Structures are given as C-alpha cells and as structure tokens.
1. Mind ranking B:Thr52, B:Thr79 by accessible surface for me, highest first, 1.4 Å probe?
2. Straight-line reach from B:Lys69: which aspartates and glutamates have Cα under 20 Å away, leaving out those fewer than 8 places along the same chain?
3. Ignoring ligands, DNA and RNA, what percent of the 1.4 Å accessible area of the range B:5-115 is carbon and sulfur?
4. Quick one: if the Förster radius is 30 Å, what FRET efficiency do A:Gln17 and A:Ala52 give, using the C-beta to C-beta distance and rounding to 0.05?
5. Averaged across A:40-49, how many Cβ atoms of other chains sit within 10 Å of each residue's Cβ atom?
6. What residue among B:Leu51, B:Leu73, B:Leu62 has the largest mean-square fluctuation in a Gaussian network model of chain B, using Cα springs under 10 Å?
7. Quick check: net charge around A:Thr86, other residues with Cβ under 15 Å of its Cβ, Lys/Arg +1 and Asp/Glu -1?
8. If you look at just the Cα atoms of the range A:72-113, how large are its Rg and its Dmax in Å?
Amino acid sequence: NAGVTQTPKFQVLKTGQSMTLQCAQDMNHEYMSWYRQDPGMGLRLIHYSVGAGITDQGEVPNGYNVSRSTTEDFPLRLLSAAPSQTSVYFCASTPRAANTEAFFGQGTRLTVV
Amino acid sequence: DAKTTQPNSMESNEEEPVHLPCNHSTISGTDYIHWYRQLPSQGPEYVIHGLTSNVNNRMASLAIAEDRKSSTLILHRATLRDAAVYYCILRESNAGGTSYGKLTFGQGTILTVHP
C-alpha cells in the first residue's frame, strides 16, 4: 500500500497565484485532514473531512478551500497565494474509530514569493 | 477541544530510558490518548495510544495515570534515531468510540538524544 501520497513535494508560487495541493490515500479511510506547519511550530488544522461530500473548517481555514468528492482524494486549494501561506503542508487520513492511528503524508513545502 | 500540556524540550543520553510526560486534566471518559512523533523533515508518525490501561508496543510504552489526567510515554532505551518532536494528543470520541475527525496538535516536546 502507498498510504498517504502528497504531490507536489515542493512548490514555489508568486503572490496571487492559485494552486491545488493533492492528497490521496488508498486505505479506504473515512477521515482526512490538512495541516500546516510553520517553522518551529506544531501542526495547525486547516480543513478536515469525515467522508465524501462532507468537509469542515479547522483552526486556520482562511485562504484555503477543500472538497471531497471521493473517499480517496482530498485536495487543498489555495485561492490567491500570499507570503503568509509559506509553510509545510501535511495531509492525514484515519479510520473513524478513535482507537486507530492516523497516517500522514510526507508533506508539501510551499514557498510564496 | 481537550488540551494537552507537554514540556518544551527534554534531553537524554543514548541507551538510557526516557520518560516524556503529558498533562490532560480536561480529558473526558471517551477520549483516547495518542502519541505521535515527527522526525526532522518528515510527517508525523504514530507511536502508541491507550484509553485507561498501560500499553506496550515495539516502539514504546504508555503509562496512564489512574485518574487519566496525565500520561507518560516511555522509550526504554533511547537511540539517536529517537530524536524527534513528540506530540501527545487526545482523540475525542462519542460513547460508541467514533471520533470527531480532528486531531489537534500542541507544541510537542523536542527530544534531544546525546551519544
């Protein structure tokens, strides 16, 4: 199994550009989520989904959109990139039960200039 | 969301045991205690979880206080590869064990292991 796959691994954007970070999982997990991690900080939740067609905001949702049309995919869209969105982005997936582990992708390092 | 409190950093020598504490005084009866670690330039990885009883796996042990308001992750013999940020997280759920979909991370504990 591939687990959680994030693409791209690195990206440089100009201010105002838009882009989509891709996240796919092959474990049939119900829950998926996006986090950002700034230097020296913990992970902050951007958006999460408890199933296809269902999404909700996390702690820092502004400037980001998500949708979940399939169980496998949970893309994160940056509508108009800003330097404040320079960060490392992690996608995670987990089954519904609270006694199960979450799996994380390797991250996307985004720089907005 | 239920909160956890961890020391910012801890140090250990190689091959010595390490006890990483976590306080979660607002934990509710159905919250699971999870630990993850993040190695440099990698995504977090699962370490261990528990509800009420102490737990052991190949990576670590988890000791849970009787009142569940604190827990301790135990690395029995630290190696240089254990140097990472360790996160203690409460996975909230309903009475049926279904979680609410969110994992909320704190700052974690930076573990330094000296040769």
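The values are calculated or read from the model by the stated rules, or taken from the named source; none is laboratory data. Keep in mind that what you see is a predicted model, and the values were worked out from it rather than measured. Cβ placement follows ideal geometry from the backbone for every residue including glycine, while neighbour counts extend to all protein chains displayed. Accessible surface is based on the protein model in full, side chains and every heavy atom, while ligands, DNA and RNA are left aside. Shrake-Rupley method; radii C 1.70, N 1.55, O 1.52, S 1.80 Å.
1. Greatest to least solvent exposure: B:Thr52, B:Thr79.
2. B:Asp1, B:Asp31, B:Glu92
3. 48 percent
4. The formula returns an efficiency of 0.60 here.
5. Average per residue, whole number: 4.
6. Taking springs between Cα atoms under 10 Å, the residue moving most is B:Leu51.
7. Local charge sum for A:Thr86: +3.
8. Final numbers for Rg and Dmax: 13.4, 41 Å.
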